[in-house]
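This report refers to the structure that appears directly beneath it.
The values are calculated or read from the model by the stated rules, or taken from the named source; none is laboratory data. Fair warning: this is a prediction, and the values are worked out from it, not measured in the lab. Virtual Cβ from ideal backbone geometry, glycine too; neighbours counted across all protein chains shown.
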């Protein structure tokens, strides 16, 4: 069990008075200490109800966002991640921008060994957009390249 000191800085989990942000809000992201930094392991989050707005038309865009990372010292707290992803609901940006913003915010927050963010956006106008962004530290550069290449569709 984690001590109160280990949970210092985790303020949203268990807080029933939390307000959902109405604008893009990276400041809601919280971390906790990785108790297993000597193990290299994968953490994956799936957000099947991501919503953002088209920056030109203001129409809603819907996606499934998949975030996978190999933690170092810090890990993102899941309720804060949920609120953060929800904050894109009124944010006007292209699909590719949203995926890259999410990745960069999480890198700044946690400094993970490796991270990837994939967006599976619902087709609009007959076209589906599936942006993928990743980043690896010096020890995970080959993995980052391989995962990027593996993400290219093979069913042309």
Of the residues that make up the range 26-46, is at least one surrounded by 14 or more Cβ atoms within 10 Å (Cβ to Cβ) and under 17 Å from residue 118 (Cα atoms)? yes
Working only within the range 11-25, note down all residues that are surrounded by 13 or more Cβ atoms within 10 Å (Cβ to Cβ) and in contact with a helix residue (DSSP H, G or I) (Cβ under 8 Å, 6 or more places away or on another chain). 12, 13, 18, 21, 24, 25
Going through (1) in a loop (DSSP other than H, G, I, E, B); (2) closer than 22 Å to residue 141 by Cα one by one, residue 44 fails only at (1)
Here the residues within the range 17-29 that are under 15 Å from residue 104 (Cα atoms), out of contact with any strand residue (DSSP E or B) (no Cβ under 7 Å at 6 or more places or on another chain) and in a loop (DSSP other than H, G, I, E, B) are 24, 25
In the range 116-156, how many are in contact with a helix residue (DSSP H, G or I) (Cβ under 7 Å, 6 or more places away or on another chain), farther than 17 Å from residue 61 by Cβ and touching a residue at least 24 places away in the same chain (Cβ under 8 Å)? 3
Which residue out of 111, 97 is under 17 Å from the mean Cα position of the chain (by Cα), surrounded by fewer than 16 Cβ atoms within 10 Å (Cβ to Cβ), farther than 24 Å from residue 42 by Cβ and at pLDDT 95 or above? 97
